[in-house]
Structure formats: structure tokens, C-alpha cells
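To start, the structure under review is shown below, and the notes come after it.
FYI, it's all coordinate maths here, none of it is from the lab. None of the values given here were measured: they were computed from a predicted structure. Note: ideal-geometry Cβ built from the backbone for every residue, glycine included; neighbour counts use all protein chains shown.
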Amino acid sequence: MSGIKDYRTDYSKHELNRKDLPENPIQLFDIWLHEAMDSIESDANAFTLSTVTANTFPSSRVLLLKEVSDKGFVFFTNYKSQKGQEMELNPKVALNFFWPSLEKQVRIQGVVEKVSKAESDAYFQSRPYKSRVGAWASEQSSSLESRAILEERYLQFSEKFPEYVPRPTHWGGYLVKPQKIEFWQGRNNRLHDRFSFHFVESKWIAVRLAP
Ligand SMILES: Cc1cc2nc3c(=O)[nH]c(=O)nc-3n(C[C@H](O)[C@H](O)[C@H](O)COP(=O)(O)O)c2cc1C
């Protein structure tokens, strides 16, 4: 493929210094996420979730972050999907956020647990009607003979639930409890700033890493 070798960026917009680091890395994540949400047109909360398959292959896909707090990072999905099955077997996951226009990356490692049914219900009911019906229509990650079958299922569930759509029990949230969070800020000459926080004996320790 032509042109890729010479396609490059020199990062120069921001820097990250030790004096900028809070004790709790989730505070810094929140600042970076809001900077992204204020400056990026859409999907600033998108991240790549990596899980591990039963035969130990890594497996990744993009999801949307829906909550961040001192407890961790929350996203919603279908519990029977490929990722759902993988997290059932192995709750260790990795998250990756990349905001190209801010020249920032965040890497997170942690362990997932399902959020409470009440929390999943509350978020499900906050979604638009069509997304709620869609959650019933899609048996996420299972094979489909045709798009027509999916659209027919959507129609059936919209007739079954013309107003109130209950949450399918196989749809809900996961909380990622972080053990490691790394902040990467692009700098000139590939001399980027990297700080990795590890949760050790109930507190976060930050280490600067070579780029
Ligand atoms: C921008 C973007 C946001 C997405 N957000 C979600 C999400 O929040 N939840 C979800 O289940 N799938 C989401 N998806 C779809 C997933 O990437 C994926 O196709 C789906 O969850 C099935 O993954 P799995 O087969 O590995 O379980 C999103 C895709 C994109 C590109």
C-alpha cells in the first residue's frame, strides 16, 4: 500500500509532568475525558475493550464508556455476546482510549464485575425507545441468516413493547475495577510522556515510563 510509510505526525500540543499528577489517576482520567468531550465532535467516550477467548486469543472491539467514578469504569452490553461470554470465563480486561486531536492515550487494566440490576435498569430506561427495542432484537454476536430477520425481530419487539420496554435480563452493565492506568501524552521527537499508576496496598503509585 502506498503512502503509509510517510504518513506521520509530530506531537507537540501538550505535556504531562509529574507535578500535574493527582494522587488518584481516575481524577486525571476524568479531566482528559472531559477535555475530549468538549473538543471532539462525537464518540469521545469510545474505547477499545480487550478480553481473552477460551483458547487465550486476545479479542478487541469498540464500546462506549457510560460512567466513571472512584469505583471504576462502566459500560453496557449484551451479557450473552462474545465479550460477555469471554468475561464470564476470564474477568481480566484491558481498555484503551485514544484521542488523536489531543495526542493522548490512556491504557487501563482491570477486573470486571456486573453492575447491580437496579443500575442496569436505570441506564436501560434512560436510552431512546429505539435502542431499547434494538437490545431485544439483536442476539448480539450470534450468526444471522439475513438483515431481514433482524429487522423482522425489531418489528416484532416494537409491537410487543409499544411503550414501556423492559430491560432484557441478558443486557446490562459491567464495572471495570482498575489495577493499572497509564497516561500517554504525545511529545516532540517521539519523546512522549508516559506515567503508569499501579494500585498497590490500597494506594496508587505512579512511575514514569520510557516512551
Ligand atoms: C463507536 C462504537 C460504539 C459502540 N458501543 C457499543 C456499546 O456501548 N456496547 C456494545 O455492546 N457494543 C458497542 N459497539 C459495538 C461493538 O464494537 C461490537 O461490535 C459488539 O459489542 C459485539 O462485540 P462482541 O461480538 O465482541 O461481543 C460499538 C461500536 C462502535 C464502533
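List nothing, just return the count: lysine pairs in segment 1-79, 8 or more apart or interchain, with Cα separation under 30 Å.
Count of close lysine pairs: 4.
Return the aspartates and glutamates within reach of K92: Cα separation strictly under 20 angstrom, same-chain partners fewer than 8 residues apart disregarded; answer none if there are no such residues.
Hits, sequence-local ones excluded: E67, D70, E113, E182, E201.
For V62 and K114, FRET efficiency with R0 = 22 Å and r from the beta-carbon atoms, rounded to 0.05?
So the FRET efficiency works out to roughly 0.60.
How big is the charge dipole of the chain about its Cα centre, in debye rounded to the nearest 20, if each Lys and Arg gets +1 on its Cβ and each Asp and Glu gets -1 on its Cβ?
Its charge dipole is roughly 460 debye.
Hey, any idea what the orientation-averaged projected area of the convex hull of segment 56-211's Cα atoms comes to, in nm²?
The number I arrive at for segment 56-211 is 12.2 nm².
Need the full-extension length gain, H14 to A122, defined as separation in residues times 0.36 nm minus the C-alpha distance. One decimal, nm.
Going from the current span to full extension adds 35.1 nm.
What FRET efficiency comes out for S146 versus H170 if R0 is 22 angstrom and r is the Cβ-Cβ distance? Round to the nearest 0.05.
Taking R0 as 22 Å, the efficiency between S146 and H170 is 0.45.
Could you tell me which of P91, P128, Q105 has its Cα farthest along the dipole of segment 68-141 towards the positive end, charges placed at Cβ (Lys, Arg +1; Asp, Glu -1), taken about the Cα centre?
Comparing the listed Cα positions along the dipole, P128 ranks first.
Pulled fully out, how much extra length does the chain show between E159 and E139, if you take 0.36 nm times their separation in residues and subtract their Cα-Cα distance?
The span from E159 to E139 would gain 5.4 nm if fully extended.
Using a Förster distance of 22 Å, how high is the FRET efficiency between N189 and I4, based on the Cβ-Cβ distance and rounded to 0.05?
Computed FRET efficiency for N189 and I4: 0.60.
In the chain, if the dipole is taken from +1 on Lys/Arg beta carbons and -1 on Asp/Glu beta carbons about the Cα centre, which of S39, Q82, P58 is farthest to the positive end?
Ranked along the dipole, the leading option is P58.
Counting other beta carbons within 10 Å of each residue's own, what order do V207, V74, V93, V111 fall into, fewest first?
V207, V111, V74, V93
What residues qualify as long-range amide H neighbours of H170, i.e. H under 5 Å apart, gap of 5 or more or another chain, H built at 1.01 Å from N?
Sorted by chain and number, the residues that satisfy this come to none at all.
What 222 nm value per residue comes from the helices of the chain, counting each DSSP H run with n ≥ 4 as -39,500 (n - 2.57) and dividing by all residues, nearest 500 deg cm²/dmol?
-8000 deg cm²/dmol
With a cut-off of 20 Å, note down the residues of segment 121-144 whose backbone N falls inside the zone around a label point 7 Å from the Cα of N55 toward its beta carbon.
Backbone N within reach: 141-143.
Around E182, what is the net charge, scoring Lys/Arg as +1 and Asp/Glu as -1 over all other residues with Cβ under 12 Å from its Cβ?
+4
So what is the relative contact order of segment 54-211, in percent, for Cα pairs below 8 Å that sit 6 or more residues apart?
Computed over segment 54-211, the figure is 26 percent.
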